[in-house]
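Below is one structure; the comments refer to it alone.
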Amino acid sequence: MVSLLDPVILQSILLIAISGTLICIAVHFIPVGGAPAAMAQATGIGTGTVELAAGSGLVGLITASYMYSSLPDPQSQMLLILASGAMGSMIMIACTMLMGSMVYAFGVGVPFASAQVKNDPITGDRQDLYMSKGTQGQGLPTVCFVSGVIGGMLGGIGGALIYYVLIGLYSQSAIIGTSAAAVAGVFTVGVFYVNSVIPSYGVGGTIEGFHDPKFRRVLPKDAFTSFCVSIMCGIVAVLIAGGM
Amino acid sequence: MSEIKEIAPNKLVLFGVLGGLLGIYLTYLFPVLGMKIGGNVGGLLKVIAPTFGALGGICAVVWGADAVRRVSKYGLGTGVPSIGQIAMGMGIVASMFGIAIMAKFPLAGPVVSLVTASIIGLIIGWFAQNVIKMKIPVMVRGMTEIAAAGSLIILGFGVAVAGNFQFETFVKMVFDDGLILAVFWIGAVAILHPFNATLGPDEKQKRTTYLAFSTGAITMTIIGIGAIMTLGLSGAITMMLGIILWVIYYKKFWDEVYKDASSVLGTGLIPKTEA
């Protein structure tokens, strides 16, 4: 039986809680348009929050675990593992947004415009002139793209951090031992899904990125929820390693 | 609109919990019985045991799909798939915890998983209702049920692949070869698809439930293919039974669709030129 008050264990639980919160924050950065965006009637990528966050996060998990397995002493190289997780996620989300933009620009034929700001905070371009009547903006303006890449980075770091903490714990566990990678990976997927669905309920399906007024309104309560839920997941994860 | 008689949620909870747990425990009980009886009957019991896990999983799918239906009716804003994914996320965390912490007393594992999942679901539901303020009156109960159903789905179909729910066997047979991802994903689709496909003002519980049986049976078929790899003959039985159940329930769903539609007409292809 593991003692929950052991400093190493407490640190692990806290790290899992922080990673869960990072994943939650990441979801807010990713420009998600849901079904309206699929019809080019809202800014963002035309699919659900969970699909995008999980899609990029899981690629981050793959790159992080690959880095973990190819380092000679992985437990002392936390930064490298987190960085490779972040890279994987960023590449994935950037590819998704690039291909989505190609479809919006050359397939649907809409100019990219944000409905939430008058000028793009990064390029300074006017947005409202290019917005079609009766829509909530279309496509992915520069600010959304940048925001999405930041989101991918945070999500990748979050996923990689959970994996790093759990594989460290499980590889020393008597009952898991050699299967540590598989169990840690699957557990990470579980925590990832919980933490990417919670904020998607908060944002209610669509968000443009960090420039969206919704971002500031919903982020604190979503992050708080994710932190509490991830602490619980962390305790559960730590107890698995010990058995009874 | 006339009132349509629906199956009460409590009845479906009982169906899911009892059916799911019964299926999972029978996979444990049958090999023990088979040892005692011995001979051909004993051998047969041992071979068909894992199939009951998958049948228990189908009970959990039907229950979970109804819970998804009750919650998603209010409109989540993020689409129904998200709720199937959070169900599996919570379910996998809880079921691993249940069977790992009870590694020395494996018989208690499934019950502990179910209770843990319910607690996790309750907490997430409470947060969704009171902190995120989703304003869905059935959120707390719905999340609890969905999480619990998720854990039973993972355990039921996992047991069909592993043969029993001892942690060591489960990890070796389900996790190491990656079949857990099949259980995770196909289980998620099984729970979210029925309502996602039938939602709308004319959605009826009977139709959704038949579709849930059929998605559960598809999951059983695919898990059966996976189980051929790990258990051999038992997997083949799971797969065959899955196909049979799928055909039966898909036909029932099909009939229900024809009954609910005012009429079904073949319209032909869209004409190439305007008339």
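The values are calculated or read from the model by the stated rules, or taken from the named source; none is laboratory data. Because the structure is a prediction, the values reported are computed rather than measured. Positions of Cβ are backbone-derived with ideal geometry, glycine not excepted, and every protein chain shown enters the neighbour counts.
B:V174 versus (1) over 19 Å from B:I101 (Cα atoms); (2) aliphatic (A, V, I, L, M); (3) within 14 Å of chain A (Cβ to nearest Cβ): which is the lone unmet condition?
(1)
Among A:S200, A:S230, which is the only one that is in contact with a helix residue (DSSP H, G or I) (Cβ under 9 Å, 6 or more places away or on another chain), more than 9 Å from chain B (Cβ to nearest Cβ) and buried (at least 20 other Cβ atoms within 10 Å of the Cβ)?
A:S230
Kindly check whether there is at least one residue in segment A:135-142 that is assigned to a helix (DSSP H, G or I), over 30 Å from B:G91 (Cβ atoms) and within 25 Å of the chain's Cα centre (by Cα).
Yes, because at least one residue in segment A:135-142 is assigned to a helix (DSSP H, G or I), over 30 Å from B:G91 (Cβ atoms) and within 25 Å of the chain's Cα centre (by Cα).
Any idea which of B:L55, B:L22 is surrounded by fewer than 20 Cβ atoms within 10 Å (Cβ to Cβ), under 22 Å from B:G109 (Cα atoms) and modelled with pLDDT of 90 or more?
Exactly one of B:L55, B:L22 is surrounded by fewer than 20 Cβ atoms within 10 Å (Cβ to Cβ), under 22 Å from B:G109 (Cα atoms) and modelled with pLDDT of 90 or more, namely B:L22.
If B:L21 satisfies every condition in (1) within 14 Å of chain A (Cβ to nearest Cβ); (2) in contact with a Gly (Cβ under 8 Å, 6 or more places away or on another chain) but one, which is the exception?
(1)
Which is polar (S, T, N, Q) and within 27 Å of A:E51 (Cα to Cα), of A:Q116, A:Q172, A:Q127?
A:Q116
Test A:I16 against the criterion of being in a helix (DSSP H, G or I) and buried (at least 23 other Cβ atoms within 10 Å of the Cβ), and give yes or no.
Yes; evaluated as a whole, the condition is true for this residue.
Looking only at segment A:39-59, count how many residues are among the hydrophobic types (A, V, I, L, M, F, W, C) and within 11 Å of another protein chain (Cβ to nearest Cβ).
Matching residues across segment A:39-59 total 4.
Given the condition more than 30 Å from A:P74 (Cβ to Cβ) and surrounded by fewer than 24 Cβ atoms within 10 Å (Cβ to Cβ), answer yes or no: does some residue in segment A:143-166 qualify?
Checking segment A:143-166: at least one residue is more than 30 Å from A:P74 (Cβ to Cβ) and surrounded by fewer than 24 Cβ atoms within 10 Å (Cβ to Cβ).
Could you please find all residues in segment B:132-171 being closer than 18 Å to B:I191 by Cβ and at pLDDT below 90?
Selection gives B:I136, B:V138, B:M139.
Does at least one position in segment A:93-110 carry a residue that is more than 17 Å from A:T47 (Cα to Cα) and crowded, with 16+ Cβ neighbours inside 10 Å?
Checking segment A:93-110: at least one residue is more than 17 Å from A:T47 (Cα to Cα) and crowded, with 16+ Cβ neighbours inside 10 Å.
Hey, can you tell me all the residues within segment A:172-208 that are part of a loop (DSSP other than H, G, I, E, B), among the hydroxyl-bearing types (S, T, Y) and closer than 30 Å to A:S114 by Cβ?
A:T206 - this is the single residue of segment A:172-208 that is part of a loop (DSSP other than H, G, I, E, B), among the hydroxyl-bearing types (S, T, Y) and closer than 30 Å to A:S114 by Cβ.
Determine, yes or no, whether B:L199 is within 14 Å of chain A (Cβ to nearest Cβ) and either surrounded by fewer than 22 Cβ atoms within 10 Å (Cβ to Cβ) or modelled with pLDDT of 90 or more (or both).
In short, yes.
Of everything in segment B:94-114, what is of a type outside the set (G, A, S) and surrounded by 20 or more Cβ atoms within 10 Å (Cβ to Cβ)? Give them in sequence order.
Hits for segment B:94-114 are B:M96, B:F97, B:I99, B:I101, B:M102, B:P110, B:V112, B:L114.
Hey, any hits in segment A:63-79 for a residue that's β-branched (V, I, T), in contact with a helix residue (DSSP H, G or I) (Cβ under 9 Å, 6 or more places away or on another chain) and within 19 Å of B:L181 (Cβ to Cβ)?
Yes, segment A:63-79 contains a residue that is β-branched (V, I, T), in contact with a helix residue (DSSP H, G or I) (Cβ under 9 Å, 6 or more places away or on another chain) and within 19 Å of B:L181 (Cβ to Cβ).
Could you go through segment B:2-9 and let me know if any residue there is in contact with a helix residue (DSSP H, G or I) (Cβ under 6 Å, 6 or more places away or on another chain) and either closer than 21 Å to B:M239 by Cα or at pLDDT 85 or above (or both).
Scanning segment B:2-9, I find no residue that is in contact with a helix residue (DSSP H, G or I) (Cβ under 6 Å, 6 or more places away or on another chain) and either closer than 21 Å to B:M239 by Cα or at pLDDT 85 or above (or both), so the answer is no.
Tally up the residues in segment A:146-176 that are more than 14 Å from every other protein chain (Cβ to nearest Cβ) and more than 20 Å from the chain's Cα centre (by Cα), please.
Here the count works out to 2.
Can you list the helices (runs of 4 or more DSSP H) found entirely within segment B:51-167 that contain at least 3 residues being within 7 Å of chain A (Cβ to nearest Cβ)?
It comes to B:81-101, B:109-130.
Does B:Q166 meet the test of being more than 13 Å from the chain's Cα centre (by Cα), touching a residue at least 40 places away in the same chain (Cβ under 8 Å), surrounded by fewer than 22 Cβ atoms within 10 Å (Cβ to Cβ) and closer than 22 Å to B:I48 by Cβ?
Considered against the rule, which asks whether it is more than 13 Å from the chain's Cα centre (by Cα), touching a residue at least 40 places away in the same chain (Cβ under 8 Å), surrounded by fewer than 22 Cβ atoms within 10 Å (Cβ to Cβ) and closer than 22 Å to B:I48 by Cβ, B:Q166 comes out as yes.
Looking at (1) among the hydroxyl-bearing types (S, T, Y); (2) touching a Phe, Trp or Tyr at 6+ places or on another chain (Cβ under 6 Å); (3) modelled with pLDDT under 85, find the lone condition where A:S147 falls short.
(3)
Yes or no: segment A:49-57 includes at least one residue that is closer than 28 Å to A:V143 by Cα, without any contact (Cβ under 8 Å) to a residue 40 or more places away in the chain and part of a helix (DSSP H, G or I).
Checked segment A:49-57: at least one residue is closer than 28 Å to A:V143 by Cα, without any contact (Cβ under 8 Å) to a residue 40 or more places away in the chain and part of a helix (DSSP H, G or I).
Residue-by-condition table, conditions (1) surrounded by fewer than 22 Cβ atoms within 10 Å (Cβ to Cβ); (2) touching a Gly at 6+ places or on another chain (Cβ under 7 Å); (3) under 20 Å from B:L21 (Cβ atoms); (4) without any contact (Cβ under 8 Å) to a residue 12 or more places away in the chain:
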| position | (1), (2), (3), (4) |
| --- | --- |
| B:F127 | no, no, no, yes |
| B:M139 | no, yes, no, no |
| B:A148 | no, yes, yes, no |
| B:A162 | no, no, yes, no |
| B:V183 | no, yes, yes, no |
| B:A188 | no, yes, no, no |
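Restricting to segment A:61-77, name every residue that is at pLDDT 90 or above, surrounded by 16 or more Cβ atoms within 10 Å (Cβ to Cβ) and away from every other protein chain (no Cβ under 14 Å).
Listed by number, the residues that qualify are A:T63, A:A64, A:M67, A:Y68.
Restricting to segment A:212-223, count the residues that are under 19 Å from A:G190 (Cα atoms) and either at the interface with chain B (Cβ under 7 Å from one of its Cβ atoms) or over 20 Å from the mean Cα position of the chain (by Cα) (or both).
1
Go through (1) of a type outside the set (D, E, K, R); (2) farther than 22 Å from B:F127 by Cα; (3) touching a Cys at 6+ places or on another chain (Cβ under 9 Å) one by one and return the number of the condition A:F227 breaks.
A:F227 satisfies all of (1) of a type outside the set (D, E, K, R); (2) farther than 22 Å from B:F127 by Cα; (3) touching a Cys at 6+ places or on another chain (Cβ under 9 Å) except (2).
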